[in-house]
Amino acid sequence: MSPSAQATTGRNGGEVVIEAIDVVRHFGDVKAVDGVTITVTRGEVFGLLGPNGAGKTTLVRMLATLLPPTAGVCRIGGIDVQQDPMGVRALIGLAGQSAAVDDLLTGRENLEIVGRLYQLSKPEARRRAQDILERLSLTDAADRLVKTYSGGMRRRIDLGASLVGRPEILILDEPTTGLDPRTRIELWEFIQHLVGGGTTVLLTTQYLEEADELADRLAVLDQGKIIAEGTSDELKEQVGGDVLMAAPVNPADLPAVIEVLGGLDHAAPWVDERRQQASVPVNDRIAALLAAGELFEQRNIALRDLAVSRPSLDQVFLTLTGHMAEEQADDETTPLPPAGQSSNGSRS
Ligand SMILES: Nc1ncnc2c1ncn2[C@@H]1O[C@H](COP(=O)(O)OP(=O)(O)OP(=O)(O)O)[C@@H](O)[C@H]1O
Ligand SMILES: [Mg+2]
């Protein structure tokens, strides 16, 4: 084994194939990535979740040899990314946020050229291109110039290009952003199919549903730092197990509702302005429900809804980061300033 290649063992005894250790990247004064450590074991899907500007793309670009870190170490397949970038490139496929395909070629030509870059024979490059076009439902558009493709078709051909070399490690930067729901689900199925074949996947996303669906483990990145890590269930657990939601009949009662919820377990409620309702994490669902019912009655607040549920990953994200994912698309839910810090107080 070369001095730069080290096999490491990770969680559950699996072989660690993607590693970032105390990785930092500054752009001038901006600490885009501020001391991040992650490990991904072979065959795992690891989701990197975070709002716009969290540092996802910066981290992914460092792992993919495209950007040198300011400090820290990245290893892929045990190979130090800075010591042997070519060795790393032979192991990974990368589908980035900005498409790497050529607009002035057809989809098929793009894939065949990537195949030739991998030094495949012409017939083999052609075979793989056809196979990928079929899998990604792009056969109808295969012989059209990419510049005529829709956004979703571009995403798919870009993903396709990352697959030509049959990489054992796939790094996907927001693979389904901007796709319609049906195409998104198709892509999820496709990624799951690849994982079934043994591919390790690191993917970034702003869609909590996507992380929930695909990832074995997640890290939530915010302002360059990992603020939570675990399985989606573990993250939900961190928020306190359950969420109590109350909606007043009269919108003028919303502030009083927030006050009641805030007093239950001393966690900060959040408000959904559009639905005129507030929610708060609670530890004991029955006790919280009974206590809230009594308080609402004492204060004469009529409710149109009162319910306890498991938190969605969206709520987890909101509690951890203090702001919603997909903020630009949906900023109707505003968190209140936290009364106490959330269960993970490792920020700043
Ligand atoms: N080349 C660069 N030069 C200067 N600043 C940069 C550069 N690349 C990224 N940044 C800054 O680093 C921070 C993290 O950006 P990054 O693109 O990694 O975020 P992201 O999580 O991928 O966001 P998005 O969800 O919008 O893609 C941002 O503040 C961004 O402006
Ligand atoms: Mg990005």
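The values are calculated or read from the model by the stated rules, or taken from the named source; none is laboratory data. All values reported here derive from a predicted model rather than from experimental measurement. With ideal geometry, Cβ positions are generated from the backbone for all residues, glycine too; neighbour counts draw on all protein chains shown.
Points to keep in mind about this one:
- Contact map, the range 48-65: residues that are under 18 Å from GLY87 (Cβ atoms) paired with residues that are part of a loop (DSSP other than H, G, I, E, B) and more than 10 Å from ligand 2 (Cβ to nearest atom), Cβ distance under 7 Å, separation 6+ or inter-chain. Pairs shown: ARG61/LEU67; MET62/PRO69; LEU63/VAL81; THR65/VAL81.
- Check on THR177, within 16 Å of ligand 2 (Cβ to nearest atom), in the same structural domain as LEU49 (by TED's automatic domain parsing), at negative phi and not aliphatic (A, V, I, L, M): yes
- GLY78 falls short on exactly one of the conditions (1) small (Gly, Ala, Ser); (2) under 20 Å from LEU214 (Cα atoms); (3) at pLDDT 95 or above, and that condition is (2).
- Scanning the range 39-63 for residues that are more than 8 Å from ligand 1 (Cβ to nearest atom) and in contact with a helix residue (DSSP H, G or I) (Cβ under 8 Å, 6 or more places away or on another chain) yields THR39, THR41, GLY43, VAL45, GLY47, LEU48, LEU49.
- Some residue of the range 101-110 being in contact with a strand residue (DSSP E or B) (Cβ under 8 Å, 6 or more places away or on another chain), in contact (Cβ under 8 Å) with a residue 60 or more places away in the chain and of a type in the set (S, T, N, Q): no
- Matching residues in the range 195-208 - criterion: being crowded, with 19+ Cβ neighbours inside 10 Å and away from ligand 1 (no atom under 16 Å from the Cβ): THR199, THR200, VAL201
- Residue match in the range 253-264 (condition: surrounded by fewer than 17 Cβ atoms within 10 Å (Cβ to Cβ), part of a loop (DSSP other than H, G, I, E, B), outside the structural domain of GLU229 (by TED's automatic domain parsing) and not charged (D, E, K, R)): no
One line per residue, one yes/no per condition, for (1) over 14 Å from the mean Cα position of the chain (by Cα); (2) not small (Gly, Ala, Ser):
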{"site": "GLY43", "(1), (2)": "yes, no"}
{"site": "PHE46", "(1), (2)": "no, yes"}
{"site": "PRO51", "(1), (2)": "no, yes"}
{"site": "PRO68", "(1), (2)": "yes, yes"}
{"site": "ILE76", "(1), (2)": "yes, yes"}
{"site": "ASP80", "(1), (2)": "yes, yes"}
{"site": "MET86", "(1), (2)": "yes, yes"}
{"site": "ILE92", "(1), (2)": "yes, yes"}
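- Check on PRO51, within 14 Å of ligand 2 (Cβ to nearest atom), of a type outside the set (Asp, Glu) and at pLDDT below 95: yes
- ASP233, sole failed condition from (1) out of contact with any strand residue (DSSP E or B) (no Cβ under 8 Å at 6 or more places or on another chain); (2) crowded, with 20+ Cβ neighbours inside 10 Å: (2)
- Set side by side, the residues GLU234, GLU209 differ, and just one is under 30 Å from LEU133 (Cα atoms) and not in a strand (DSSP E or B), which is GLU209.
- Of all residues assigned to the range 163-179, none qualifies as being farther than 25 Å from ALA142 by Cα, away from ligand 1 (no atom under 16 Å from the Cβ), under 16 Å from the mean Cα position of the chain (by Cα) and not charged (D, E, K, R).
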